[in-house]
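Notes for the one structure printed next.
The values are calculated or read from the model by the stated rules, or taken from the named source; none is laboratory data. These numbers were taken from a predicted model, which means no experiment stands behind them. Every residue, glycine as well, gets a Cβ built from its backbone with ideal geometry; the counts of neighbours run over all protein chains shown.
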Amino acid sequence: MRPEIAVTGLGLVTPAGHTVEDNWAGLCEGRSLATRDPGLEGLPVDFSCQVPDFDAERELGRSYALRVDRFIQFALVAARRAVSHAGLDPRTWRGERVGVLLGVSSNSLDTYLPEFRHLGEDRADRVSRLMLPRSMLSMPAGEVGIDLGARGPNFAPSSACASGATAIGVARDLLLSGACDVVLAGGSESARSRMMATCFARLRALSRRREDPGRASRPFDAARDGFVLGEGAAVLVMERLSDARARRAEVLAQLRGYGASADAHHPIAPHPEGDGAARAITAALEDAGCKPQDIGLVNAHGTSTRLNDATEAAALAQVFGDRVPPVTAAKGVIGHALGAAGAIQAAYTVLALRHGVVPPVANFERQDGDHPLDVVAGEPRPTAADVGLSCSYGFGGQNAVLLFAAA
C-alpha cells in the first residue's frame, strides 16, 4: 500500500485577498474582480484582475521588495503563510527533507523592458545586475528555499497554464518516493504587464469588454469572448498522512490522484475533442482507484475563451457521459493567473471539499455547444461531495489533473 498524501497548509495571495478566509468569501460571492488597470492604459485590453492592497515592503522589507519581481514577492508571502497554517516551524524542521516546487509559466516581463531599452541604446553598462535573479522562472522556488531554510529538491515545473498543478503532482511523487518529508508546492505569476497583455491580445485570447470589465470573464457562458489577465500565488504544504497525524497536524484534504498528458496536437489550440484533457482526467481517476461516479465536483480550467471551454466540456463528456458532476471555475472571479492558476484552483478545491460547498461561476447565464454541463451559478451550492477534481490545461497541449478527497 502506498502512503497517503495530506494537505496540511494553504497560503493564498490572489485578487480575492491575501488570506484563506478572504479568498473563500470572495470566491463564494461569485462576482468578477476585474477592473481597469492603470498599467495597461492605452492598450486594446486595459483591464485585469489585480491583487489588492499588496504592500511588498511591509510584508518583506524594503530592500527585498526592491530586489525581486512581483511574482516572487507573491510566492514568498504565500509560502510563509502556508507553513504557518500547517503549524510547521522552519527553525526546527529538517531542512534537507523539505522540498519546494513552484510552477511558473512566464514572469511579469516588466523587468526586461527597461533593460532591453538600455541594450538597444548601446548602454550595456546600464543593464541591471539583478535582471536575471529577479526574473528567472526558478527564482520563486529558490527564494522560498532561502527564506525558509528548505534545502531539499527545489525547482520550477513549467507546463504553461498547468504549471501550478504539475508542481503539486510532482510534489506528491517526491513524497511517495521518500525523497522528501514535506514539500511546499504551488505556483506564482503576475501576468499584468503591457507586453503580456499585448501578446495575448494579439492572439485574440483576451476578452475585449472594455466597457464593462466586471462582465468580461464568463467561463462556459455562451457569450464568452476571452479571458481576463490575473495574478497571484498559492502554496500547499504537503506531507505523508502518517507524518501529519504523528505530529497531530490538522489535515485539510488528501491528494489521492494525479494525471498528466499531452495533446500533441497544436502549439496553442487544444485538441478539438478534448482528447488529451480526457486522458489526464482518466489517469487521475485510475491513479486514485476511483470511478467517474465517485467524483462530486469539478473545478474546471474554464478560461472563458470560445475554444478552450468548448473542448473542456467535450473532455468532461468523454469521461462522465451525461452525468458530469457540478462544475465550478474560479477564473470568472479572479481572472487567469497563468502558471499560478492550477495551484490556486487546487487550494480552492480543498476548500470546497472542506466546506461542503461548490462556489458559483461568475457571469454565467446560459450555455452553448453540444456538451451541456451542470455549471454552478448564481449562488454557492451545498454538496455532500467528498472527492473532487481540479483540472488545468496549457499551451503546448500540456494537461494536469489533481484528485482531492476530503479529510
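Applying the selection to the range 272-310, what residues are polar (S, T, N, Q) and in contact with a helix residue (DSSP H, G or I) (Cβ under 7 Å, 6 or more places away or on another chain)?
282, 299, 303, 304
Taking the criterion of being touching a strand residue (DSSP E or B) at 6+ places or on another chain (Cβ under 7 Å), part of a helix (DSSP H, G or I) and assigned by TED's automatic domain parsing to the domain that holds residue 162, would at least one residue in the range 44-67 satisfy it?
no
Taking the criterion of being crowded, with 18+ Cβ neighbours inside 10 Å, in contact with a His (Cβ under 8 Å, 6 or more places away or on another chain), within 25 Å of residue 339 (Cβ to Cβ) and at pLDDT 95 or above, would at least one residue in the range 371-391 satisfy it?
There is at least one residue in the range 371-391 that is crowded, with 18+ Cβ neighbours inside 10 Å, in contact with a His (Cβ under 8 Å, 6 or more places away or on another chain), within 25 Å of residue 339 (Cβ to Cβ) and at pLDDT 95 or above.
Residue check: is residue 404 more than 17 Å from the chain's Cα centre (by Cα) and among the aromatic types (Phe, Trp, Tyr)? Give the derivation first.
Details: more than 17 Å from the chain's Cα centre (by Cα): no; among the aromatic types (Phe, Trp, Tyr): yes.
No, not satisfied.
Of everything in the range 45-72, what is over 16 Å from the mean Cα position of the chain (by Cα) and within 16 Å of residue 100 (Cβ to Cβ)? Give them in sequence order.
68
How many of the residues in the range 91-126 are in a helix (DSSP H, G or I), among the small types (Gly, Ala, Ser) and surrounded by 13 or more Cβ atoms within 10 Å (Cβ to Cβ)?
1
Any idea which of 75, 79 is assigned to a helix (DSSP H, G or I), under 19 Å from the mean Cα position of the chain (by Cα), more than 30 Å from residue 215 (Cα to Cα) and assigned by TED's automatic domain parsing to the domain that holds residue 221?
Of the residues listed, the single one that is assigned to a helix (DSSP H, G or I), under 19 Å from the mean Cα position of the chain (by Cα), more than 30 Å from residue 215 (Cα to Cα) and assigned by TED's automatic domain parsing to the domain that holds residue 221 is 79.
What pairs can you find where one residue is in the range 66-87 and under 18 Å from residue 106 (Cα atoms) and without any contact (Cβ under 8 Å) to a residue 60 or more places away in the chain, the other is assigned to a helix (DSSP H, G or I) and of a type in the set (D, E, K, R), and their Cβ atoms are less than 8 Å apart, with a gap of 6+ or different chains?
73/59
Hand me the list of helices (runs of 4 or more DSSP H) wholly inside the range 155-254 holding 3 or more residues that are within 18 Å of the chain's Cα centre (by Cα).
It comes to 163-177.
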